[in-house]
Amino acid sequence: MGWLDWLHAGQSSVLSERGDWSFLEQQTMLRSSMLEPGLQPAPSTPASEASTTLANEEQRYVQRRVRDNPMWTLDRGTGFYDQERRTKKKASLLGSGKDAGKSRVVYHGVEWTQIVSHVWRRDFFTTAVHARFQYIVATMVAVFVSSFLFWACIYYVIWKVDGTCFLGFHSFLSAFLFSIETQNTIGYGSHAIGDCWLPAWLVGIQCIFAVVIEAVFIGVIFAKISHPKGRSRTILISECACIARRDGILKLMFRVADIRKRTAIAPKIHAVMYNWGSGHTTAEGEVIAVDVQPLPLHFLDATLLLPVVVEHTIDERSPLYGESGVAAAAAACT
């Protein structure tokens, strides 16, 4: 569970663990937790005591979830709902937890190896930038070591054939050191080429090759470090969304926050609903299996100085209007 759930943005995850509460009781608790203090209904117990009890219970619940899940991170949550979806075999376009934001779409009709090969050949730089940093470093080390060994073998063979082409060579180690010195333009002075055209051309080719691979890896690492994907890790979103009433209007709500000191200015937040089911049939008779509709959103603070509750009004114009789950929630919140 994300840290925003500590701020009462994810009460439904706590209530779902309480099997002894009815659906109506859960929705009533959810409503009272999401409404502003001035709009809360009068509880049977003092408001301060009920709020403190609920906050303590939620804090213990979150701490237990974090302790039991070593993969928990501040911005990606625990992946609890991802596990629940997998258990119930429900479709999900995006992963959660450690796979938050990753597409789970599987393409059929094309071999996986063909897709990977096409991506690396046609979009190499972007694919490399999006790879994990440890993979980039491991690949860089492997490429450089392989290059050192490759050119060292060539220099060693030439030296064995004609010992006058190289100066200061005594074994394969000398050729290996000469390869490193050439590729990194070190030049200690103990190894050098003689009056032979072949090693002279090979040294020039190795220098050009070294410039190319160094430019590629420097570009990939710099783009990886400066990629805006890292900025998204500091903009947090609640792990679950809630349906409740505000000012008597039924709304879908979730919380967003920016934890950096220099917050985003005029952020844009979008939400899209993907609906599987009967789909949509066009006038020409074409059946579109997945119905994709945007959800209009509203939030008050355009600077994200404080965590904001993003709202979507569920009315006749909303894609959620008339859904069975929403109707049950509306009845419970009435």
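The values are calculated or read from the model by the stated rules, or taken from the named source; none is laboratory data. This is a predicted model, so every value here is computed, not measured. Note that each Cβ is placed from the backbone with ideal geometry, even for glycine, and that neighbours are counted across all protein chains shown. Just so you know, the surface numbers come from the protein's heavy atoms only, side chains and all, with ligands and any DNA or RNA stripped out. Shrake-Rupley method; radii C 1.70, N 1.55, O 1.52, S 1.80 Å.
Database remark: amide H of Phe166 closer than 5 angstrom to the amide H of Gly194 (H placed geometrically; neighbours at sequence offset of 5 or more, or on other chains; Pro and chain starts carry no H). Peptide packing: for 283-293, 307-317, the average count of neighbouring Cβ atoms within 10 Å per residue gives the ranking 307-317, 283-293, highest mean first.
Calculate what fraction, in whole %, of the accessible area of segment 117-163 sits on carbon and sulfur atoms when a 1.4 Å probe is rolled over the protein chains.
Working: 2170 of 3120 Å².
Its accessible area is 70 percent carbon and sulfur atoms.
Average accessible surface for segment 214-334: 62 Å² per residue, computed with a 1.4 Å probe over protein heavy atoms with every protein chain in place. Rounded to the nearest Hz, the phi-derived 3J(HN,Hα) couplings of segment 250-267 under the Karplus curve 6.51 cos²θ - 1.76 cosθ + 1.60 (θ = phi - 60°) are 6, 9, 8, 9, 8, 10, 10, 8, 10, 8, 7, 5, 8, 7, 6, 9, 6, x, where x marks glycine and proline.
Whole-Hz Karplus values for segment 145-158 come out as 5, 5, 5, 4, 5, 4, 5, 5, 5, 5, 5, 5, 5, 4 Hz, taken residue by residue from phi with 6.51 cos²θ - 1.76 cosθ + 1.60 and θ = phi - 60°; glycine and proline positions read x.
A DSSP coil position with no more than 14 other Cβ atoms inside 10 Å describes the following chymotrypsin sites (Phe, Trp or Tyr not before Pro) in segment 165-220: Tyr188.
When only Cα pairs below 8 angstrom with a gap of at least 6 residues are kept, segment 209-285 shows a relative contact order of 20 percent.
Using the Karplus equation 6.51 cos²θ - 1.76 cosθ + 1.60 (θ = phi - 60°), what ³J(HN,Hα) coupling, rounded to whole Hz, does each residue of segment 200-215 give in order, writing x for Gly and Pro? Once θ is set to phi - 60°, the couplings for segment 200-215 become 5, 5, 5, 5, x, 4, 5, 5, 5, 4, 5, 4, 5, 5, 5, 5 Hz. Restricting the chymotrypsin sites (Phe, Trp or Tyr not before Pro) of segment 92-162 to loop positions (DSSP other than H, G, I, E, B) with no more than 16 neighbouring Cβ atoms within 10 Å leaves Tyr107.
Under 5 Å between amide hydrogens, built in the peptide plane, is the criterion, and for Val310 it picks out Phe254, Arg255, Val256 among residues at least 5 positions away or on other chains.
Counting Lys and Arg as +1 and Asp and Glu as -1 over every other residue whose Cβ lies under 13 Å from the Cβ of Ala128, the net charge comes to +3.
Ignoring ligands, DNA and RNA, what percent of the accessible area of segment 165-234 is carbon or sulfur (1.4 Å)?
Numbers: 3130 of 4190 Å².
Percent of accessible area from carbon and sulfur atoms in segment 165-234: 75.
Backbone amide hydrogens, once placed in the peptide plane, bring Leu295 within less than 5 Å of Ala271, Val272, Met273, excluding anything fewer than 5 places away on its chain. Under the combined filter of DSSP loop state and at most 12 neighbouring Cβ atoms within 10 Å, segment 171-280 retains these trypsin sites (Lys or Arg not before Pro): Arg260, Lys261, Arg262, Lys268. Charged neighbours of Ile269, selected by a Cβ distance under 13 Å, balance to -1 (K, R count +1; D, E count -1).
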